[in-house]
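Only one structure is covered here, and it is reproduced in the block below.
The values are calculated or read from the model by the stated rules, or taken from the named source; none is laboratory data. Note that the structure is predicted; figures quoted are calculated from it, not measured. Positions of Cβ are generated from backbone atoms using ideal geometry, with glycine treated the same way; all protein chains shown enter the neighbour counts.
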Amino acid sequence: MLEIPCPWCGLRNESEFVCAGEADRKRPPDPEAETDEAWADYLFNSTNPKGVVREWWWHVAGCTRWFQIDRDTVTHEIAPVKERSK
Amino acid sequence: MSYRVEVSSLKDYALINLRGGAPVTANWEATLDVTFPKAAHTAVINEAFSVLSLSSDHWWVRTALKNEDELFHRLSESVSGDHAAVTVVTDHFQGFSVQGADAVAVLRQGFSLDLRSLDSGQCTRGGFARCGATLQVVDAGMDYEIFVEASYSEYVERWLKVAQGHTV
Amino acid sequence: MTRLASGGVIDRQRPLRFLFNGKRYQGYEGDTLASALVANDVLIVGRSFKYHRPRGLLTCGPEEPNGLVQLVSDGDQPNLRATEIPLREGLEARSVNCWPSARFDLRAINSVLAPLFPAGFYYKTFMAGKWDFYSRFIRQAAGLGHSPKERDQGRYERVNHHTDVLIVGAGPAGIQAAKVASGSGHDVMVLDMQESPGGHLLFHPRQIDGQAGSDWVSREVGELQDRDNVTWLQSTTATGYYDHNMVIAVEHKPAESWLKERLWHIRARKVIIATGAVERPLIFPGNDRPGVMLADAAARYIRRFAAVPGKKVLIYTNNSTPYAQLETFKTAGIEIQGILDLRKNPSEAELCLASKLEVPVSVDARITGVQGRSGIRGVTYQSGAGSKTVRCDLVCHSGGWNPLIHLYSHAGGRSRFEQASAAFIPGERAQAAYPVGGANGTFSLAEGLKEATDVANSLFGESAGNRASGTPNAPAAEDEVPYRIDQIWPEKGDKGKAFVDFQNDVTTADIALAVRENFQSIEHVKRYTTAGMAVDQGKIGNPNVIGLVSRELGEEQASVGTTTFRPPFAPVSFGAIGGSERGPLIIPARTTPITAWNIENGAAMDEAGANFRRPFFFPRPDETMEDAVAREATAVRTSCGIYDGTPLGTFELQGPDTGELLNRLYTNRFDNLPVGRGRFGLMLREDGRLFDDGVTFRVDPNRYLMSCGTGAAGAVYAHIDRLLQTEWTDLKVYLVNVSAAWATMCVCGPLARAVLGKLESDISLDPTFRFLDFRDGTLEGINVRVARVSYTGELSFEVNVARRSALKLWKILMEAGKEFGITPVGSETSGVLRIEKGFISPGHEGDNITNPFDAGMGWIVDMTKPDFIGKRSLLRDVKLGGERQHVVGLLPDDEQALVADGSALLPAQGSDSRSGFQGHVTAACFSPTLKRTIALALLKDGQKRHGERVVISGLENSCVATVTEPVFYDPKGERMRG
């Protein structure tokens, strides 16, 4: 059971969160300008590295914030990511 | 034979959900003539109403049921047209009071968050008994109030009985 | 009966009667089942797993591989270790794995057939095809006890706990670490597996700080337990160490407690592992015979329980420990026949201890055989050139010590082989896990206490509490004899079975065979031989397996490495895992304010998704399901029906950009929706597939109310919230879940207007109240929002009311509708009405391939909008073209045909252009309105095939059907708009 640092609520059990995948995957601003291949890549592919990956997590059972963390997929070491101002 | 805890359903409360950033928060503060709690897990408790901080742009105004309409309209009108949300959520939640010397022994069966970190008067939201709850600490260690989504109310009522050591 | 007249912690004033394998015995309060059996001279406690050899107790603790019992008297629990069961009055236990009895086991024939059961026997013999035949016999023969047949009456609970420091093990090192850590003011939790604290001090008399070890334990623990920041649990086993310092532990409550077990989920900032070490067996032919026991275990039975396991003992060792136990054996009145020491050069100190008690020592000695099958008569050994025999009824052996590094290993920590102690000790650390004492390979009491002090000081010494009082020093202790070990493996070619894993019956020959068959990795040898895979998880045997493999491979033990220890450290009951969330709490069931009324009024309930149950149909006495559904459907089509639509998801969206957000979420437009109106919307996933649908109302210019499917509500909420918070952060919209705030009751049918018209209301139901309008007002004084929405194809009013007034209003509606024949309808009936109308259900017609064009819903897709979720993928679908599956209707020739959902569609006979699978039925029913079977289906190129014939292929019956438009009833929608 990982312990996830929510930027608002603090450390909470993984079970309060949803991991929403890699944060680098951003919806293209103009999807119609994308080639089929680029669009498919956005839809279906993750880099899935061995090592540090930046992820979106959603504190659905708490403050319902979406935030990013850097998680090492080998050691599960987690580092918070400074929040972008909205 | 079981834990020393009294559980009861809360009645006659109203909950108004507020979402909004700093500009609209100022409007609400002016409307209610109170400074909103801005830090995580904090609350401002007044005789007429309490304001619970649930996130940086999320509050609950908790008051008596009889004030629901009047408060909702005042809060709503003060931010009309702005990037804000004012919603009556009284019926979306069911509140329970968990009181007694073993209150923590019952609650820690459902909450995985660190109950040690919450003092009297504080509040938070977290996973609870697979359905989630908003927690208000009335008197740390002794007296707590939880609010669960109302569709879970019968389940949670039963869950709390079992957690106290009763047979259902 | 071999019980000492004095000594031990047993209460001789409180005798307890118990049954073991049907025979009556007596023990005392304070005994374990195992110690009581030792005191009653019960030698055979079980049979081995594969060969069914008679087995006696090998150990005194949770690592016991032989003494597995079925605890009949306490919920008929299987597979418990006799060494861990506190004796109770009236306890009844049976050996597992014996038939018909432990002493006379028919399956011991396996033992005679032993050459036929080498390592990998199962893999080699029971290949695919033969397994079905053999499994019946094997399953009967195998297994450790049987599952209880009665429901477990015990109560269990699961709790979460947070602490700064968790200390596992309350032996001397754990106690000392707790003292330092708690002095710092941190919250400290101490778990200990045994009933009393003290670890090995419970069994061995030692001196600490100039006083008896037991006194030191009582004083220190007493003080610690009084501290506010210390939580102390005995009889609690840490079973696993998980990510981010989460340790799970099982607390076994005493028999008189209302609770049976409590499962602790403990999140700690630092974990000190002080779990100690367990003794390792030596490997020699006949080392599994009843009467062969680990030396430390024998000493424990004597010291703690005054139970004496034999009269004449022969001690066999490769290390110094048993020398320190000679005194214990002697004072118990056991005749010590001698020490056989595998080593050539025992130390002066060791020899001195032996000569003081006049115990003969043979060095460079090796046991070659044990005489006796069900009990020992003597031992043959080789020392120098000669072979000798010595008479004895007990062999106590010691192969050194295994640090209990399980938790450290669960945490991800590595282990490394340390030559000096011939043990796998903690290596590279993962997580905040700090092993001290025996668990860290520090077997000396004095050094263990010092290590615990130093580690705790380095972690907590700097904190305020300890700065004030000064950092504590380690208490003084002396070791009787320094620990020395020489690992000497048995000669190859010794006759007789020498066991390395007692529970799974793995012998030296099996290990050698596995290596000969080219299993070189220790992980492969483990799986092939099953060594270390039994309930005891290799606690005592693993290092021996690794040692033998390294010898066979000719490699260093350090390079062979060890297998990974995985949780649980000890078996965990299902009761503890489930906690209180079983029976009526097995799922977090959700209800609506009408659920109880529905059940009281005879509804057959069915799962409705998202943990809701809702009425399936409302059978009257003597009605079949088909009758009830036909009656309910007919009521909706001809008079009036009512159903509880509360489980649907309801979200409020507020803010100036809500219209824009909805434009991007739905395939159609919403920014131009007038206030007071609703619109049906179709939501796609980004890959262009059907996701959800529902009606959204515009309540205010900046306030919309969205409804979505019950099962999809959670996913839709996540979808919108993600887009708002991560992608479209510039949109000024807030999303608020109000699903449970509103109850929704749908009054539908041609007489719906008449029913509502009976009520006192300020809402006019005249023709200006159009389809998809909504109006706010009161019904009989209750605040409501009435909307004209239809999921049945009939005139329909959806009454939304706050939860607090829902049941009251429902009853008012039922009363008002009485004269019009108002009929509550269930989800099965709704399903039938939907199929008749051909309304697309994303959960049925959407199969993760279907796009809106396939579903015939192109009318709701506005491809002229600049962007919406799914548009890009739809463009690709359109560009690619090709053959897709479309939603169609099917009318079977046999109007009464029973068609199952999911039935495959095949080309009709005579069709020459198509072959193979054509699609499948997504929903089928008997339509009470049309008096015939109808179905919706996904069919290849279906939109071009109306009028064609297909075969609906059922498991039992197939039928031929005509392909039609997917609407069977009121295709123009005049009824619902009327």
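A few remarks follow.
- Yes/no for residue C:718 being within 11 Å of chain B (Cβ to nearest Cβ), more than 17 Å from residue B:17 (Cβ to Cβ) and either without any contact (Cβ under 8 Å) to a residue 12 or more places away in the chain or crowded, with 23+ Cβ neighbours inside 10 Å (or both): no
- Residue within the range C:667-686 that is closer than 30 Å to residue C:866 by Cα, within 14 Å of chain B (Cβ to nearest Cβ) and surrounded by 21 or more Cβ atoms within 10 Å (Cβ to Cβ) present: no
- When residue C:611 is tested against (1) on the phi > 0 side of the Ramachandran plot; (2) touching a strand residue (DSSP E or B) at 6+ places or on another chain (Cβ under 6 Å); (3) away from chain B (no Cβ under 14 Å), just one condition goes unmet, and that condition is (3).
- Tabulated pairs, the range C:473-501, first outside the structural domain of residue C:176 (by TED's automatic domain parsing) and assigned to a loop (DSSP other than H, G, I, E, B), second modelled with pLDDT under 90 and surrounded by fewer than 19 Cβ atoms within 10 Å (Cβ to Cβ), C-beta under 6 angstrom, 6+ apart or interchain: none
- Scanning the range C:689-703 for residues that are under 38 Å from the mean Cα position of the chain (by Cα) and either surrounded by 23 or more Cβ atoms within 10 Å (Cβ to Cβ) or not in a loop (DSSP other than H, G, I, E, B) (or both) yields C:690, C:691, C:692, C:693, C:694.
- Once the range A:26-66 is narrowed to residues that are assigned to a strand (DSSP E or B) and farther than 30 Å from residue B:148 by Cα, the residue that is nearest to the other protein chains (Cβ to nearest Cβ) is A:54.
- Of residues in the range C:782-791 being farther than 14 Å from residue C:695 by Cα and of a type in the set (Val, Ile, Thr), the one surrounded by the fewest Cβ atoms within 10 Å (Cβ to Cβ): C:782
- When the range C:1-32 is filtered for residues that are among the hydrophobic types (A, V, I, L, M, F, W, C) and closer than 25 Å to residue C:331 by Cβ, the ones remaining, listed by number, are C:1, C:4, C:5, C:9, C:10.
- Considering each residue of the range C:736-752 in turn, at least one proves to be more than 36 Å from the chain's Cα centre (by Cα), surrounded by fewer than 17 Cβ atoms within 10 Å (Cβ to Cβ) and part of a loop (DSSP other than H, G, I, E, B).
- Qualifying strands (runs of 3 or more DSSP E) (wholly inside the range C:359-422; at least 3 residues being within 30 Å of residue C:242 (Cβ to Cβ)): C:401-403, C:415-418
- Residue within the range B:43-59 that is under 13 Å from the mean Cα position of the chain (by Cα), surrounded by 14 or more Cβ atoms within 10 Å (Cβ to Cβ) and in a helix (DSSP H, G or I) present: no
- Here the condition is being at pLDDT below 90, closer than 23 Å to residue C:168 by Cβ and acidic (Asp, Glu); of C:479, C:505, C:536, C:494, it holds for C:536 alone.
- Checked against (1) closer than 30 Å to residue C:930 by Cα; (2) out of contact with any strand residue (DSSP E or B) (no Cβ under 7 Å at 6 or more places or on another chain); (3) surrounded by fewer than 21 Cβ atoms within 10 Å (Cβ to Cβ), residue C:891 passes all but a single condition, namely (2).
- Flag for residue B:107 being touching a residue at least 24 places away in the same chain (Cβ under 8 Å), assigned by TED's automatic domain parsing to the domain that holds residue B:157 and either crowded, with 23+ Cβ neighbours inside 10 Å or of a type in the set (Val, Ile, Thr) (or both): yes
- Residues of the range C:423-440 classified as within 14 Å of chain A (Cβ to nearest Cβ), part of a loop (DSSP other than H, G, I, E, B) and touching a residue at least 60 places away in the same chain (Cβ under 8 Å), total: 2
- Answer residue from the range C:735-767, given it is of a type outside the set (A, V, I, L, M) and under 16 Å from residue C:974 (Cα atoms) and is modelled with the lowest pLDDT among those: C:767
- The requirement of being assigned to a helix (DSSP H, G or I), outside the structural domain of residue C:660 (by TED's automatic domain parsing) and farther than 24 Å from residue B:19 by Cβ is fulfilled somewhere in the range C:796-806, by at least one residue.
- Wholly enclosed strands (runs of 3 or more DSSP E) of the range B:68-128 bearing at least 2 residues within 8 Å of chain C (Cβ to nearest Cβ): B:84-88
- Within the option set C:204, C:200, being touching a residue at least 12 places away in the same chain (Cβ under 8 Å) and assigned to a loop (DSSP other than H, G, I, E, B) holds for one residue only, C:204.
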